[in-house]
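Novice: Questions regarding the structure given below will be posed in turn.
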Amino acid sequence: SVASRLVVGPEGPRVPMGARVGGILPYARKTIQTPFTNISFDISASWLRRFRNDLDRREFVTIGTAAGFAAAFGAPIGGVLFALEETSSFWSPKLMWRAMSATMLSSFTLSLMRHGSEGDWGNVLSSYGLIDLSGGNEPYDGSNLPLRLLCFMLIGVWGGLFGGAFTRMWQYISPMRPTLRPLRVCEVVVLSVLTSVIMFSCLLGSDDSWGCIPCCSGDGCDDRVTCDFDHVSYQFGCKPGQINELALVFLGSREKAIDTMLNNSAMFTTNGLVVMSLVFYFGMLVTFGIGLPQGIFMPSIMIGVSWGLLFSKAWDSLHLGSGTEVSKYDFGLMGACAILGGIQHSSISLVVILLEGTGQARYLLAIMLTTITAKSVSALFSEGVYEVAMELKHMPYLEGNQGGRWMEGLDASDLCGHQAGNLAMLYEAVKVEELLGFLEGNSHNGFPVLGKTKDGMKLKGIVLRSQLCSLLEHKRFKTSIDSPARHSFSETEFESLQVPSKYTADATFTHIDLNFSELQGAFDVADDEMKLWIDVAEVMNFSPYTVMLDCPVKRVVT
């Protein structure tokens, strides 16, 4: 994805990779097929079976997400806060310390592999992630502080407007994308060619008025732009003694381009910054969501830094500041804060990530002010891009702000009291005929499971409709309820029952609208199998979340 020069970031795949590793660990066994070969191998560990439940699996996914995020940005604390803010519905001190240990190890391991392999041991404990936002080490210029903070708030307003507009436009574009695999491949090819054509057209159109800027070599350059860049493409289409500012961004390393823009902003002209920001903004708009692993953090920083430097040029033209490199770094950093806050709406974790990236606590107030302003303005137009993506994917996720005035004074018993006689329940063992009739008469996606104890019938767990469909499809039938076959199935069968790839929330696969005979035909159940038994406990979740009858409704939905 990165080598194609598409407007994507390399940090994005690390987060789902971490979540995926955390998600498969509780299953204790996983068959991995190597790409483009017929070679496969199993990963198994019997001691991990104790974590085979929904509660521990959710925590492993949260920890994996935090570790992947920390490895991408070199921000261990930011990774923990990102997992708290974006991925975890329930948080505890135990989970926080586990996630903190994972983020610390992931950041250190990445830094050790990057710098230790090159013998650069001095930076192992000082440079962690892919993106380094350090700079601005000169004494802080505190002149015109109120006016400077006001300008930072204006940058935040700009970031909120453009961030909200980005999310809103992406929300309309995303449903238009093809769903068939051949068409998705064609979409990637077309966007790759189109992006290359646009970038090279901008490079070929460079001249002395924009794109090509003079540079000098040697020790007498002072504050002027030097030609000491290690890539010949940086002089793309320019005369000797000149360097192409667009080539540095379009053809070079994005990480190096961000560092140069923040710490050597004198080499970027107004026209060049406008072209960069527009190409990356609309390029990210049409690229985000295609069939490639990608991230939007780094392109967002490119856009934000470009617009921040434009603000600094306006600041200098109005003679409001000293015009030093420190102020330009400040404006570039605040631009990155604004666009990230406007698009992602991750205010707390974003502040900490940028603070860890800069390594300077003196920017805390400015970063907080800009980020909160951007998020507040963007929230007037749309939700964050992650929430919008979940809605477009129809993921079953309950928002934490579902409350309303009608919930005041109500508790759980008020919601379920009048439904007590109509509650759809299952027993641990049920006949095939009864289960088909149960699925016909109920369209819910989850059901409580009751079991017999010495004190009577008690709640044993919860089972999903998709898991019941899997039991019928795999014909997990027994001749009697005392059959010793419980938990005798293989690891592969268990995984196929717990995480069915075929059955989703779509009514097409969960058979919500089918009658009894149609259900019997869909699962190919013979007449002589109707009296056999199914052990629901094979797949049910034994640790569902429960609440007391007097629990407030606002607490129930959160």
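Novice: Which residue pairs have Cβ atoms under 7 Å apart, sit 6 or more places apart or on different chains, and have a first residue in segment 11-28 that is under 14 Å from ALA83 (Cβ atoms) and a second that is open to solvent by 20 Å² or more (accessible area, probe 1.4 Å) and modelled with pLDDT under 85?
Specialist: GLY23/ARG57
Novice: Could you check how many residues of segment 290-315 are part of a helix (DSSP H, G or I) and either free of Cβ contacts under 8 Å to residues at least 24 places away in the same chain or farther than 19 Å from CYS337 by Cα (or both)?
Specialist: To start, the set of residues in segment 290-315 that are part of a helix (DSSP H, G or I) comprises 297-315.
When the remaining residues are screened for being either free of Cβ contacts under 8 Å to residues at least 24 places away in the same chain or farther than 19 Å from CYS337 by Cα (or both), the result is 314.
Going through segment 290-315 one residue at a time, the tally reaches 1.
Novice: Which residues, taken from segment 424-455, are basic (Lys, Arg) and either under 14 Å from VAL536 (Cα atoms) or open to solvent by less than 30 Å² (accessible area, probe 1.4 Å) (or both)? Don't jump to the end; show me each part of the working.
Specialist: First, the residues of segment 424-455 that are basic (Lys, Arg): 431, 452, 454.
Answer for segment 424-455, where residues must be basic (Lys, Arg) and either under 14 Å from VAL536 (Cα atoms) or open to solvent by less than 30 Å² (accessible area, probe 1.4 Å) (or both): LYS431, LYS452.
Novice: Consider THR508 against the criteria (1) farther than 21 Å from LEU426 by Cα; (2) in a loop (DSSP other than H, G, I, E, B); (3) at pLDDT below 80: it satisfies all of them except one. Which criterion is unmet?
Specialist: Only one criterion in (1) farther than 21 Å from LEU426 by Cα; (2) in a loop (DSSP other than H, G, I, E, B); (3) at pLDDT below 80 is unmet by THR508, namely (2).
Novice: Next question, about the same structure. Among the residues of segment 539-558, which ones are surrounded by 16 or more Cβ atoms within 10 Å (Cβ to Cβ) and either more than 31 Å from the chain's Cα centre (by Cα) or within 27 Å of GLY437 (Cα to Cα) (or both)?
Specialist: Within segment 539-558, VAL539, MET540, ASN541, PRO544, PRO552 qualify.
Novice: Mind checking which residues of segment 90-111 are open to solvent by 70 Å² or more (accessible area, probe 1.4 Å) and either within 22 Å of GLY359 (Cα to Cα) or modelled with pLDDT under 80 (or both)? Full working, then the answer.
Specialist: Filtering segment 90-111 for residues open to solvent by 70 Å² or more (accessible area, probe 1.4 Å) gives 90-91, 93-94, 96-98, 104-105, 108.
If the condition is that a residue be open to solvent by 70 Å² or more (accessible area, probe 1.4 Å) and either within 22 Å of GLY359 (Cα to Cα) or modelled with pLDDT under 80 (or both), then PHE90, TRP91, MET104, LEU105, PHE108 are the ones that fit.
Novice: May I pose another question? Mind checking which residues of segment 249-278 are modelled with pLDDT under 80 and open to solvent by less than 10 Å² (accessible area, probe 1.4 Å)?
Specialist: GLY252, SER265, MET267
Novice: Inside segment 526-538, can you point out the residues that are open to solvent by 10 Å² or more (accessible area, probe 1.4 Å) and of a type in the set (Gly, Ala, Ser)?
Specialist: Within segment 526-538, ALA526 is the sole residue that qualifies.
Novice: In segment 134-148, which residues are surrounded by 15 or more Cβ atoms within 10 Å (Cβ to Cβ) and either farther than 23 Å from ARG362 by Cα or modelled with pLDDT of 70 or more (or both)?
Specialist: ARG148
Novice: Look at segment 357-368 and say how many of its residues are open to solvent by 20 Å² or more (accessible area, probe 1.4 Å), part of a helix (DSSP H, G or I) and small (Gly, Ala, Ser). Break it down stepwise before answering.
Specialist: Taking segment 357-368 and keeping what is open to solvent by 20 Å² or more (accessible area, probe 1.4 Å), we get 359-362, 364-365, 368.
If we keep only those that are part of a helix (DSSP H, G or I) as well, we get 361-362, 364-365, 368.
When the remaining residues are screened for being small (Gly, Ala, Ser), the result is 361.
Qualifying residue count for the region: 1.
Novice: While we're here: Can you tell me which residue among GLU325, GLU408, GLU383 is open to solvent by 50 Å² or more (accessible area, probe 1.4 Å), of a type outside the set (S, T, N, Q) and at pLDDT 85 or above? Spell out how you get there, then give the answer.
Specialist: On the way: GLU325 fails: at pLDDT 85 or above; GLU408 fails: at pLDDT 85 or above.
None of the other options fit; the residue is GLU383.
Novice: Let me ask something else. Condition first: surrounded by fewer than 17 Cβ atoms within 10 Å (Cβ to Cβ) and within 13 Å of SER346 (Cα to Cα). Now tell me which residues in segment 369-380 satisfy that. Show your work before the answer.
Specialist: Narrowing segment 369-380 to residues surrounded by fewer than 17 Cβ atoms within 10 Å (Cβ to Cβ): 376, 379-380.
If the condition is that a residue be surrounded by fewer than 17 Cβ atoms within 10 Å (Cβ to Cβ) and within 13 Å of SER346 (Cα to Cα), then SER376, ALA379 are the ones that fit.
Novice: In segment 515-538, is there at least one residue being outside any loop (DSSP other than H, G, I, E, B) and under 32 Å from the mean Cα position of the chain (by Cα)?
Specialist: From segment 515-538, those outside any loop (DSSP other than H, G, I, E, B) are 516-522, 527-529, 533-538; that's our starting set.
If we keep only those that are under 32 Å from the mean Cα position of the chain (by Cα) too, we end up with none.
The answer is no; no qualifying residue exists.
The values are calculated or read from the model by the stated rules, or taken from the named source; none is laboratory data. Computed from a predicted model, the values in this text were never measured in an experiment. No Cβ is skipped: glycine too gets one built from the backbone with ideal geometry, and neighbour counts run over all protein chains shown. Areas reflect the complete protein model, heavy atoms only, side chains present, ligands, DNA and RNA absent. Shrake-Rupley method; radii C 1.70, N 1.55, O 1.52, S 1.80 Å.
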